[in-house]
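Just passing along the structure, written as structure tokens.
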Amino acid sequence: MQRKIIHIDMDCFYAAIEERNNPKLRDKPLAVGGSPERRGVICTCNYIARKYGIHSAMATSKALKTCPDLTLIEPNMPLYAKISKAIHNIFYEYTDMVEPLSLDEAFLDITGLTIKNGSATLIAREIRQKIFAAQKLTASAGVAPNKFLAKIASDWRKPNGIFVITPGQVENFVLTLPVTKIFGVVKVTAEKLFNLGIKTCSDLQQMPMITLVKEFGSFGTKLYKLARGIDERPVEPNRVRKSLSVEHTFAADLFTLNECLRKIPDLHRELKNRLQAAKNKPIIKQFIKIKFNDFSLATKETLSATIALSNYTELFAQCYKQHNKPVRLIGLGVRFKLKSSQPTESLNLF
Ligand code: TTP
Ligand code: MG
């Protein structure tokens, strides 16, 4: 099956957060990094500083010599990690197939999703919009049939851009692509390829597999495929969801059982939609959650392999009758069957 992969990469992530938190820093060269006294290096810098030639991993002392007006900020990792988590949670609203590469970067495999008519472009656009609405930070997105091309694509319209490579465009796209864009083609390999007269993927395509294997060992086979835009590496999610739930807090408290029961079909529909993101994981339990107007909580669950609406209404009625208080919030959820060795994380979507 043709895959649909999105690669999201935040724009000058640490620096963008610092600018957002202190607008006075905008429109000036800004870098986040360790102090020159402690032989620190630059983590990242804004695009104005990049014009001066400042870049990640540059010694801070050198950066300050290159651009004496540079504002330097010490990294605030706990803050960046917190924002990263919030951004990743936006990804998990779409799919569990999320492979984070760093705090500001992740692959999403959205193959088979039906929202937005299954359009990866529209989904990527919406994710960028959601990140901006929630965090006032911009992200760039790449959309392609595999990880190799999606990552290149996210860089293509940076900052604050989106670039899409459809399966039909792959063949043409790779022709002019410099071989240095292939992951793993650095220093020795790059030099070896240049010495063989190979600069682009189109040049690389002229090389028979056997020659590439002779020159580069097992990496030669990879080069052969990547030069043709073929990359079969799967998106490898780093966490497994234990449960999934949707809930709603009502503007006005609900006073009768019937009033509450009328709210359940909408939540049920929403749960069904959200379950798409869980990619048909086996369900073992259904549960409901009620928050009453005194903020006390009650939950009830039942063994079940489905999300039968009747189970939710029954669970709700039982739980409601035990407490019989005005209701502020109703939640419906499922728990998934897990392999015992899997790391777990439960995700409440609201
Ligand atoms: P990148 O995504 O490589 O860089 P960026 O987000 O700052 O800029 P852009 O994507 O727009 O080109 O890295 C993400 C964050 O990781 C970056 O904000 C800071 C940190 N980082 C380091 O601390 N050291 C490094 O050498 C690099 C490359 C990044
Ligand atoms: Mg980035």
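Read-outs throughout are calculated quantities, based only on the coordinates presented, and are distinct from any laboratory measurement. Nothing here was measured: the structure is a model prediction, and the numbers come from that model. Glycine also receives a Cβ, built like all others from the backbone with ideal geometry; neighbour counts cover every protein chain displayed.
So Cys45 ticks every box in (1) under 28 Å from the mean Cα position of the chain (by Cα); (2) more than 14 Å from ligand 2 (Cβ to nearest atom) but one. Which box is left unticked?
(2)
Follow-up. So Thr60 ticks every box in (1) more than 16 Å from ligand 2 (Cβ to nearest atom); (2) out of contact with any strand residue (DSSP E or B) (no Cβ under 7 Å at 6 or more places or on another chain) but one. Which box is left unticked?
Of the numbered conditions (1) more than 16 Å from ligand 2 (Cβ to nearest atom); (2) out of contact with any strand residue (DSSP E or B) (no Cβ under 7 Å at 6 or more places or on another chain), the odd one out for Thr60 is (2).
Show the residue pairs that are 6+ apart or on different chains and have beta-carbon atoms under 6 Å apart, the first residue being within the range 239-257 and farther than 30 Å from Met97 by Cβ, the second being of a type in the set (Val, Ile, Thr).
Leu254/Val327
Pairs needed: first member in the range 36-61, within 17 Å of Glu18 (Cβ to Cβ) and near ligand 1 (Cβ under 8 Å from one of its atoms); second member anywhere, of a type in the set (Ser, Thr, Tyr) and in a loop (DSSP other than H, G, I, E, B); C-beta distance under 7 Å; at least 6 residues apart or different chains.
So the pair list comes out as Ile42/Ser56; Cys43/Ser56; Thr44/Ser56.
Hey, could you check the range 132-164 for residues that are in contact with a strand residue (DSSP E or B) (Cβ under 8 Å, 6 or more places away or on another chain) and without any contact (Cβ under 8 Å) to a residue 60 or more places away in the chain and say which is farthest from Phe13 (Cα to Cα)? Before the answer, list the steps.
Step one: filter the range 132-164 for residues in contact with a strand residue (DSSP E or B) (Cβ under 8 Å, 6 or more places away or on another chain), giving 132, 137-147, 149-164.
Restricting the remaining residues to those that are without any contact (Cβ under 8 Å) to a residue 60 or more places away in the chain gives 132, 152, 156-157, 161-164.
Details: Phe132: 13, Ile152: 18, Trp156: 17, Arg157: 16, Gly161: 15, Ile162: 17, Phe163: 19, Val164: 22 Å.
The extreme case among them is Val164.
Given the conditions (1) within 16 Å of ligand 1 (Cβ to nearest atom); (2) of a type in the set (S, T, N, Q); (3) under 30 Å from Ala278 (Cβ atoms), which single one is not true for Gln2?
(1)
Please count how many residues of the range 241-274 are surrounded by fewer than 17 Cβ atoms within 10 Å (Cβ to Cβ) and of a type in the set (A, V, I, L, M, F, W, C).
So the count comes out to 6.
Just to be sure before I move on: is Ile17 within 28 Å of Phe148 (Cβ to Cβ), among the hydrophobic types (A, V, I, L, M, F, W, C), surrounded by 18 or more Cβ atoms within 10 Å (Cβ to Cβ) and within 15 Å of ligand 2 (Cβ to nearest atom) in the structure I sent?
Working: within 28 Å of Phe148 (Cβ to Cβ): no; among the hydrophobic types (A, V, I, L, M, F, W, C): yes; surrounded by 18 or more Cβ atoms within 10 Å (Cβ to Cβ): yes; within 15 Å of ligand 2 (Cβ to nearest atom): yes.
Taking the combined requirement at face value, the residue does not satisfy it.
Regarding Tyr80, is this residue surrounded by fewer than 20 Cβ atoms within 10 Å (Cβ to Cβ), within 15 Å of ligand 1 (Cβ to nearest atom) and among the hydroxyl-bearing types (Ser, Thr, Tyr)? Spell out the reasoning first.
Details: surrounded by fewer than 20 Cβ atoms within 10 Å (Cβ to Cβ): yes; within 15 Å of ligand 1 (Cβ to nearest atom): yes; among the hydroxyl-bearing types (Ser, Thr, Tyr): yes.
Here the answer is yes, as Tyr80 does meet what is asked.
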